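Inspection log for the structure reproduced underneath, given as structure tokens.
The values are calculated or read from the model by the stated rules, or taken from the named source; none is laboratory data. What you see is a predicted model; the values in this text were computed from it and never measured. Here the Cβ positions follow ideal geometry from the backbone for every residue, glycine too, while neighbour counts run over all protein chains shown. Only protein heavy atoms, including side chains, enter the accessible area calculation; ligands, DNA and RNA are left aside. Shrake-Rupley method; radii C 1.70, N 1.55, O 1.52, S 1.80 Å.
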Amino acid sequence: MTDQVCVTAENLGHRFPGTDWLFSDLNFSLNPGEVICVTGPSGSGKSTLLSLLAGWEKPTSGAVHRTGVERVQWVFQNPYGVPHRSVADHVGFPLLQQGLSRLDADTKARDLLARFGLGATADREFSALSGGEAQRLMLARALAVSPDLLLVDEPTAQLDRVMAASVAKTLTHLAQEDVIVVIASHDTDVVSQASYLIDLGVTHAEVGSE
């Protein structure tokens, strides 16, 4: 990764046609090694802000500047997979696409699964996973491509409190590996691990340190 990796929002605002502003006048800079939590009530624009940061949607006002960001991964709130493919295959596939041998891809896939407490599920079919296990699988799969920017939408929504706290800590460790981690969540376990918050639950979104 380059030392120049950065995502900057400049006077960022967004609204959908015929609706009020979701948020406006957002200014912030995101850097590797940080966990940023986007918080706010349902409908406040958390997922929309992730889309703008990824470059998947154009803002109504202002701009998002991505410097040195080559690989963006998004983990959606609702896990998806191929029902009869194994858990290890789901993580190994993007590794094979990067040119790893099948053996090396499988070994790395199992290591990534272990980081999220899924080592024992590696040979199960995707359809046999619980909702929480499937969510953690998507996190492991996202890491397989070594992203510069990792966007995560409500990662603990289907997890119990113990596993939610564990996943929150794991995401913090990822940031220490020079990944920008942006999480849309109102979970107190996630909020407590954040470098700072972007609060969309106010008239003008507030950006501040915890």
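The residues listed here are Pro59, Pro83; of these, the one that is crowded, with 19+ Cβ neighbours inside 10 Å, out of contact with any Lys or Arg (no Cβ under 9 Å at 6 or more places or on another chain) and within 26 Å of Glu154 (Cβ to Cβ) is Pro59.
Only residues that are under 24 Å from Thr170 (Cβ atoms) and charged (D, E, K, R) were counted across region 24-66, and they come to 2. The criterion of being open to solvent by less than 60 Å² (accessible area, probe 1.4 Å) and over 17 Å from Met138 (Cα atoms) holds for Val69. Scanning region 142-165 for residues being buried (at least 17 other Cβ atoms within 10 Å of the Cβ) and part of a helix (DSSP H, G or I) gives a total of 5. The set of residues in region 47-56 that are open to solvent by 10 Å² or more (accessible area, probe 1.4 Å) and over 12 Å from the mean Cα position of the chain (by Cα) comprises Thr48, Gly55, Trp56. Of all residues in region 73-102, those that are modelled with pLDDT under 95 have Cβ atoms under 7 Å from Cβ atoms of residues that are charged (D, E, K, R) and open to solvent by less than 50 Å² (accessible area, probe 1.4 Å), 6 or more apart or on another chain, in Val75/Asp153; Phe76/Asp153; Gln77/Asp153; Gln77/Glu154.
Per-residue answers, yes or no, for (1) open to solvent by less than 70 Å² (accessible area, probe 1.4 Å); (2) aromatic (Phe, Trp, Tyr):
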residue: Val87; (1), (2): yes, no
residue: Leu103; (1), (2): no, no
residue: Phe116; (1), (2): yes, yes
residue: Arg124; (1), (2): no, no
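Consider Val35 carefully, then state whether it is of a type outside the set (Phe, Trp, Tyr), open to solvent by less than 10 Å² (accessible area, probe 1.4 Å) and in contact with a helix residue (DSSP H, G or I) (Cβ under 6 Å, 6 or more places away or on another chain). Judged against the criteria, Val35 is a match. Just one of the listed residues (Lys169, Lys108) is of a type in the set (Lys, Arg) and either crowded, with 21+ Cβ neighbours inside 10 Å or under 18 Å from the mean Cα position of the chain (by Cα) (or both), namely Lys169. The C-beta contact set for region 3-23 (first residue touching a residue at least 60 places away in the same chain (Cβ under 8 Å) and farther than 27 Å from Ala175 by Cα, second residue open to solvent by 60 Å² or more (accessible area, probe 1.4 Å) and not in a strand (DSSP E or B), distance under 8 angstrom, 6+ apart or interchain) comprises Leu22/Arg15; Leu22/Phe16. Number of residues in region 187-210 that are at pLDDT below 85, surrounded by fewer than 18 Cβ atoms within 10 Å (Cβ to Cβ) and in contact with a Ser or Thr (Cβ under 7 Å, 6 or more places away or on another chain) equals 3.
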